[in-house]
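K.L.:
Structure provided below as structure tokens; questions to follow.
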Amino acid sequence: MKAFYFASRALWHRRTTGLFIALVWALGLLGIAATGRMERSLEGQLTQTLEGTDLLLTAKGSPTQAILANLFHIDEPTGNIGREEAEKWLTHPDLAHIRRLAYGDNLHGQRILGCDSATWTHIPIRTLQGNWPSAPMEVAISEAIAQKEGLHIGATFHGGHGTVEDLGNHDDHDYKVVGIFSSRTPLWNTLILTTIQSVWTVHEDDQDAYTAVLARIKNPMTRLMMPGQIQRNSTFMAVSPAMEANRMMGWLNQGGQVIRAMSWLLTLIAALSLVLLLQSHIRERLADYALVRAMGGSWGQIAGLVLWQNILLALAAITLTYLGLLVAFYLQSYWLPEGIWLNETVWWDLKFDLPWLLLHLFLAVFAGIGPWIWLQKIPLHRALVDS
Amino acid sequence: MSKVLESSSLMVTFSDQVSLHFPPLVLEAGEMVLLQGPSGAGKSTWMHAIAGLTPFHRGTVDIHGFATLYAGKKAPKQWRRSAVSLLPQKPFFWNSLSLSENLGLAAWAKGIDPPTMSLDALGLGTKGAQAAHSLSLGEQQRVNALRSFLGNAPVLLADEPTASLDDHNAAAVMALLRAHLEKQACGIVVSSHDHRLVPYMDRIVTIG
């Protein structure tokens, strides 16, 4: 432990340069750690959200936008589809767990989603006080919204038109809270749920229209064929969310790979800086090290003095990385939509970090080996006389 | 008196094929020898050869209690740790460590317990926590001498220990060396041009 102490003091003596290298290194590590976490978190949420949904019927437009709007509730819907035409397809024997959705209003930017009763069984519920809506203008709200808006069971409010704020209020229609729930899936906690009839009541022009229909396809063969078949023979768009999600994950992975490559580049630059920092320090203090050897310091002791300095810098970089992850986790509400906030369990699942933590400690040791060998080979006589 | 050091004629050859030849040297316990010679005669090289810091190419060095060091052989760690102690001209303190910690570093390198001797003896008792470079040159050289006493090696080689010191500090360093010599019955070789040291010496060896 003496070597650790002497090395830490030597490092502290040139802490400004050390901190700069640790910061560059931490930036690289942060990129690697955060990208992996975001991918795992989003993949988990995607899988959870798409579970039981093999088909999405909605107005023609961008499939990605349709999925983001109707499954993740974070984008504008592509439009409405006719109820009568949709219902004809919904009699298909391979379709199950059909959920009809209708968008219309919001409360201070929080979406009011019209659903049929099949949706209630689809929501992974943690708690429910009161009931799910069963009559027009009844709503169930999440605990988070109840707290934010100061609403309770029996309370009433007006909705604003559209899915975003400031498009005008529907002052002549009151929504009434009949249930307060909390879901295990964060995106549901961002919604106000009501019956489809409520949306039709408020928007008389959009009666007999759905924003989307979601369903499970029982037969795997039909699962492949059906979206294309509907697309060709109807006025609306039929999307296989799983296929679209795969495509989205593909984009994310590509983006992740770019970030990862840049992060590795940063860590390599940091490792190189580490070699140079150590080398220049040893050159500058060559006689000090030479005297330690002249006094009988063994190769192991010299290794301890040199390598601990790099290991300490690596540990500083790792600490800064976790601080960065902590900041990123708590600041995500500013840069990510609430529905896709990163999963806390995934974010702090440290077992995924072990390989790269070990790799970077190895890199720190490796970066110290060159200067250490050089130090072992210097002629002590010259080092002492020339200094 | 018993012999603590017996060095035969040593030859040190450098990479440019220049060779330096040094006469035999015998050092008795309790004896302090002044090594004199013009600059470039190889005083430091001779000392470093005896200390095992630079290889020699002819001759042998015997130190009481240790295996003979032969020409062309690398000095074992134990030789540098316990057989010979070096008092370099410049103290080479680690600027990241305090004075006491620098003594601790030396003890750690020698594989012995941290020094129990007090800096009080040098009149520096209150300065143990200070960085070495905050001390005067004279104070630094006294601590440098104190550090070379660690481990009580039978042979102490002091390379120009008073080169940059005023009379007062030079006397203080020599008094420390003399006290150590008497207490430990070791042998001390001092290389220097400094004629002020002559009265402290038992013998003078001139080379070059």
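K.L.:
Give all pairs with beta carbons closer than 8 Å in which a residue from the stretch A:1-19 that is polar (S, T, N, Q) meets a residue that is open to solvent by 70 Å² or more (accessible area, probe 1.4 Å); count only pairs at least 6 apart in sequence or on separate chains.
P.N.:
A:Ser8/A:Trp308
K.L.:
Looking at the structure I just gave you, is A:Ala102 more than 14 Å from chain B (Cβ to nearest Cβ), part of a helix (DSSP H, G or I) and open to solvent by less than 10 Å² (accessible area, probe 1.4 Å)? Write out each step before concluding.
P.N.:
Working: more than 14 Å from chain B (Cβ to nearest Cβ): yes; part of a helix (DSSP H, G or I): no; open to solvent by less than 10 Å² (accessible area, probe 1.4 Å): yes.
Answer is no for this residue.
K.L.:
Which numbered condition trips up B:Pro38, out of (1) assigned to a loop (DSSP other than H, G, I, E, B); (2) buried (at least 24 other Cβ atoms within 10 Å of the Cβ)?
P.N.:
For B:Pro38, the exception is condition (2).
K.L.:
Output the number of the condition that A:Glu149 fails; it satisfies all remaining conditions of (1) farther than 19 Å from A:Pro241 by Cα; (2) surrounded by 18 or more Cβ atoms within 10 Å (Cβ to Cβ); (3) more than 25 Å from the chain's Cα centre (by Cα).
P.N.:
(2)
K.L.:
Quick test of your reading of the structure: A:Ser234 fulfils all but one of (1) touching a Gly at 6+ places or on another chain (Cβ under 6 Å); (2) open to solvent by less than 50 Å² (accessible area, probe 1.4 Å). Name the failing condition by number.
P.N.:
Looking at each condition in turn, A:Ser234 falls short on (1).
K.L.:
Can you give me the number of residues within the stretch A:281-319 that are of a type outside the set (A, V, I, L, M, F, W, C), farther than 23 Å from B:Ala75 by Cα and either within 13 Å of another protein chain (Cβ to nearest Cβ) or open to solvent by less than 10 Å² (accessible area, probe 1.4 Å) (or both)? Can you show your working first?
P.N.:
As a first pass, look at the stretch A:281-319 and keep what is of a type outside the set (A, V, I, L, M, F, W, C): A:281, A:283-285, A:288-289, A:293, A:296-298, A:300-301, A:304, A:309-310, A:319.
Filter once more, so that each one left must be farther than 23 Å from B:Ala75 by Cα: A:281, A:283-285, A:309-310, A:319.
Narrowing further to those that are either within 13 Å of another protein chain (Cβ to nearest Cβ) or open to solvent by less than 10 Å² (accessible area, probe 1.4 Å) (or both): A:281, A:284-285, A:309-310.
Number satisfying all stated conditions: 5.
K.L.:
Considering the stretch A:357-382 alone, what residues qualify as being free of Cβ contacts under 8 Å to residues at least 24 places away in the same chain and surrounded by 20 or more Cβ atoms within 10 Å (Cβ to Cβ)?
P.N.:
A:His381
K.L.:
For residues that are basic (Lys, Arg) and modelled with pLDDT under 85, scanning just the stretch A:14-49, find the one that is least open to solvent (accessible area, probe 1.4 Å).
P.N.:
Our first condition is that a residue be basic (Lys, Arg); within the stretch A:14-49, this holds for A:14-15, A:37, A:40.
Restricting the remaining residues to those that are modelled with pLDDT under 85 gives A:37, A:40.
Numbers: A:Arg37: 2, A:Arg40: 69 Å².
Only one residue fits best here, namely A:Arg37.
K.L.:
Residues in the stretch B:48-67: is at least one more than 7 Å from chain A (Cβ to nearest Cβ), surrounded by fewer than 19 Cβ atoms within 10 Å (Cβ to Cβ) and farther than 26 Å from B:Val205 by Cα?
P.N.:
Checked against the condition, which is being more than 7 Å from chain A (Cβ to nearest Cβ), surrounded by fewer than 19 Cβ atoms within 10 Å (Cβ to Cβ) and farther than 26 Å from B:Val205 by Cα, the stretch B:48-67 yields no hits at all.
K.L.:
I would also like to ask the following. Of A:Val327, A:Val385, which residue is farther than 21 Å from A:Ala271 by Cβ, away from chain B (no Cβ under 14 Å) and open to solvent by 40 Å² or more (accessible area, probe 1.4 Å)? Please lay out each step first, then the result.
P.N.:
On the way: A:Val385 fails: away from chain B (no Cβ under 14 Å).
Going through A:Val327, A:Val385 in turn, the sole match is A:Val327.
K.L.:
Tell me whether the stretch B:77-85 contains one or more residues that are open to solvent by 40 Å² or more (accessible area, probe 1.4 Å), within 11 Å of chain A (Cβ to nearest Cβ), part of a loop (DSSP other than H, G, I, E, B) and out of contact with any Gly (no Cβ under 7 Å at 6 or more places or on another chain).
P.N.:
Narrowing the stretch B:77-85 to residues open to solvent by 40 Å² or more (accessible area, probe 1.4 Å): B:77-78.
Adding the requirement that they be within 11 Å of chain A (Cβ to nearest Cβ) leaves B:77-78.
In the following step, the residues that additionally are part of a loop (DSSP other than H, G, I, E, B) were identified as none.
No; the residues of the stretch B:77-85 include none that is open to solvent by 40 Å² or more (accessible area, probe 1.4 Å), within 11 Å of chain A (Cβ to nearest Cβ), part of a loop (DSSP other than H, G, I, E, B) and out of contact with any Gly (no Cβ under 7 Å at 6 or more places or on another chain).
K.L.:
Mind telling me which of the residues A:Phe72, A:Phe4 ends up being among the aromatic types (Phe, Trp, Tyr), open to solvent by 30 Å² or more (accessible area, probe 1.4 Å) and out of contact with any Lys or Arg (no Cβ under 8 Å at 6 or more places or on another chain)? Steps first, please.
P.N.:
Working: A:Phe72 fails: open to solvent by 30 Å² or more (accessible area, probe 1.4 Å).
On inspection, the qualifying residue turns out to be A:Phe4.
K.L.:
Still on this model: Within the stretch B:6-22, restricting attention to residues that are β-branched (Val, Ile, Thr) and touching a residue at least 24 places away in the same chain (Cβ under 8 Å), which residue is surrounded by the fewest Cβ atoms within 10 Å (Cβ to Cβ)?
P.N.:
First pass over the stretch B:6-22, keeping only residues β-branched (Val, Ile, Thr): B:12-13, B:18.
Still in the list and also touching a residue at least 24 places away in the same chain (Cβ under 8 Å): B:12-13.
Values: B:Val12: 22, B:Thr13: 14.
This residue is B:Thr13.
K.L.:
A further question follows. Collect the residues in the stretch A:115-146 that are under 31 Å from the mean Cα position of the chain (by Cα), in a strand (DSSP E or B) and of a type in the set (Gly, Ala, Ser), keeping them in residue-number order. Break it down stepwise before answering.
P.N.:
In the first step, residues of the stretch A:115-146 are kept if they are under 31 Å from the mean Cα position of the chain (by Cα); the result is A:115-129, A:132, A:139-146.
Now drop any that are not in a strand (DSSP E or B), which leaves A:115, A:125-129, A:139-142.
Hits for the stretch A:115-146 are A:Ala140, A:Ser142.
K.L.:
Conditions first: (1) outside any strand (DSSP E or B); (2) within 23 Å of B:Leu197 (Cβ to Cβ). B:Phe66 passes all but one, so which condition is the exception?
P.N.:
Condition not satisfied by B:Phe66: (2).
The values are calculated or read from the model by the stated rules, or taken from the named source; none is laboratory data. In this text, all values refer to a predicted model and were calculated from it rather than measured experimentally. Note that we place each Cβ from the backbone using ideal geometry, even for glycine, and neighbour counts take in every protein chain shown. For accessibility, only protein heavy atoms count, side chains too; no ligands or nucleic acids. Shrake-Rupley method; radii C 1.70, N 1.55, O 1.52, S 1.80 Å.
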